[in-house]
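Single-structure report; data block below.
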Amino acid sequence: MKIVILAGGLGTRLSEYTKTIPKPMVKVAGEPIILHIMNHYAKYGFKEFIIATGYKGKVLQDYFKKKKTDWNIKLVKTGKKTMTGGRLKRLSRYLKNETFMLTYGDGVASINLNKLLKFHRKNQKIVTMSAVRPPARFGAIKLKGNQVKYFKEKSKLDEGWINGGFFVIEPSFLKFIKNDETFLEKEPLEKITKKSQLVAFKHFGFWQCMDTKRDKDYLDKILKKKKF
């Protein structure tokens, strides 16, 4: 099964690092974050990768030319200004009308990919999205007037479910993507939601994206300990 990794964005919120390299190449625990993501897929036997490049894509090209693995890696230029949906649409000819997995090049999780795939096949919908609860940044309080009725320090159970990436997708989804300007997370996923063709695989374990330097520093600590 092919694994698509979206790795072409500008990474502007991590500009301390992304002025010279693309976000997926920012190192955490000594290795580019994209390598941590690929290692997770490979652990479950998924070793065929299609990487959609854009901003500073040559850095990724050069890196994987030197990388020696038993993985099958194809890097595809999908344009510097192309949106997430557009990048996926540009990969259509490489996906060959087969079910595939997709994730972002900046998020790490302990998701059991075999269970995710089994869940997708059981539900028989066009797209399965991994739903996660984001790590809470602040304590939650509830007020009645000015009286605090509830306080919980940084409990992620107080947060709602969000899109955690790690999708399983049927090829028919591609027809819902219009062009390069299409955001994967907007019209295409909204349309299939209305058709009851999007299901959520709830992941209760570790998940962390890397949007800011704070996220990067946190991932450094976690991945160095290999505890997720």
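The values are calculated or read from the model by the stated rules, or taken from the named source; none is laboratory data. Just so it is clear, the structure is predicted and the values come from calculations on it, not from any experiment. When we count neighbours, we look across all protein chains shown, and the Cβ atoms used for this are built from the backbone with ideal geometry, even at glycine.
Looking for something closer than 21 Å to residue 176 by Cα, in contact with a Leu (Cβ under 8 Å, 6 or more places away or on another chain), surrounded by 20 or more Cβ atoms within 10 Å (Cβ to Cβ) and aromatic (Phe, Trp, Tyr) - is there at least one such residue anywhere in region 90-100? Talk me through it step by step, then tell me what you get.
So in region 90-100, the residues closer than 21 Å to residue 176 by Cα come out as 90-100.
Now restrict to residues that are in contact with a Leu (Cβ under 8 Å, 6 or more places away or on another chain): 92, 95.
Subset that is surrounded by 20 or more Cβ atoms within 10 Å (Cβ to Cβ): none.
Checking region 90-100: not a single residue is closer than 21 Å to residue 176 by Cα, in contact with a Leu (Cβ under 8 Å, 6 or more places away or on another chain), surrounded by 20 or more Cβ atoms within 10 Å (Cβ to Cβ) and aromatic (Phe, Trp, Tyr).
From the list 76, 59, 108, the lone residue that is aliphatic (A, V, I, L, M), closer than 29 Å to residue 214 by Cα, over 17 Å from the mean Cα position of the chain (by Cα) and modelled with pLDDT of 95 or more is 59. For region 54-98, enumerate the residues that are under 20 Å from residue 32 (Cβ atoms) and among the hydrophobic types (A, V, I, L, M, F, W, C). If the condition is that a residue be under 20 Å from residue 32 (Cβ atoms) and among the hydrophobic types (A, V, I, L, M, F, W, C), then 59, 60, 64, 71, 73, 75, 76 are the ones that fit. Taking the numbered list (1) surrounded by 15 or more Cβ atoms within 10 Å (Cβ to Cβ); (2) modelled with pLDDT of 95 or more; (3) over 19 Å from residue 131 (Cα atoms) in turn, residue 222 passes all entries but (2).
For region 181-204, residues that are touching a strand residue (DSSP E or B) at 6+ places or on another chain (Cβ under 7 Å), exposed (fewer than 15 other Cβ atoms within 10 Å of the Cβ) and in a loop (DSSP other than H, G, I, E, B) total 1.
Could you tell me whether residue 124 is surrounded by 14 or more Cβ atoms within 10 Å (Cβ to Cβ), at pLDDT 90 or above, more than 18 Å from the chain's Cα centre (by Cα) and more than 26 Å from residue 78 (Cα to Cα)? The answer is no for residue 124.
Quick one: count up the residues across region 164-180 that are more than 12 Å from residue 88 (Cα to Cα), of a type outside the set (Asp, Glu) and crowded, with 18+ Cβ neighbours inside 10 Å. Can you show your working first?
Taking region 164-180 first, the residues more than 12 Å from residue 88 (Cα to Cα) are 164-168, 170, 172.
Next cut, of a type outside the set (Asp, Glu) only: 164-168, 172.
Those still in the list that are crowded, with 18+ Cβ neighbours inside 10 Å too: 164-168.
The qualifying residues number 5.
Total residues in region 45-102 satisfying the condition of being of a type in the set (Ser, Thr, Tyr), outside any strand (DSSP E or B) and either under 17 Å from residue 170 (Cβ atoms) or without any contact (Cβ under 8 Å) to a residue 60 or more places away in the chain (or both): the figure is 6.
Restricting to region 17-49, name every residue that is of a type in the set (Val, Ile, Thr) and crowded, with 22+ Cβ neighbours inside 10 Å. If you could, list the steps in order and put the result at the bottom.
First, pick out the residues of region 17-49 that are of a type in the set (Val, Ile, Thr): 18, 20-21, 26, 28, 33-34, 37.
Of everything in region 17-49, those that are of a type in the set (Val, Ile, Thr) and crowded, with 22+ Cβ neighbours inside 10 Å turn out to be 28, 33, 34, 37.
Listed by first and then second residue, the pairs with beta-carbon distance under 6 Å, at least 6 apart or on different chains, first residue in region 177-205 and among the β-branched types (Val, Ile, Thr), second part of a loop (DSSP other than H, G, I, E, B) and surrounded by 11 or more Cβ atoms within 10 Å (Cβ to Cβ), are 182/83; 192/126; 199/125.
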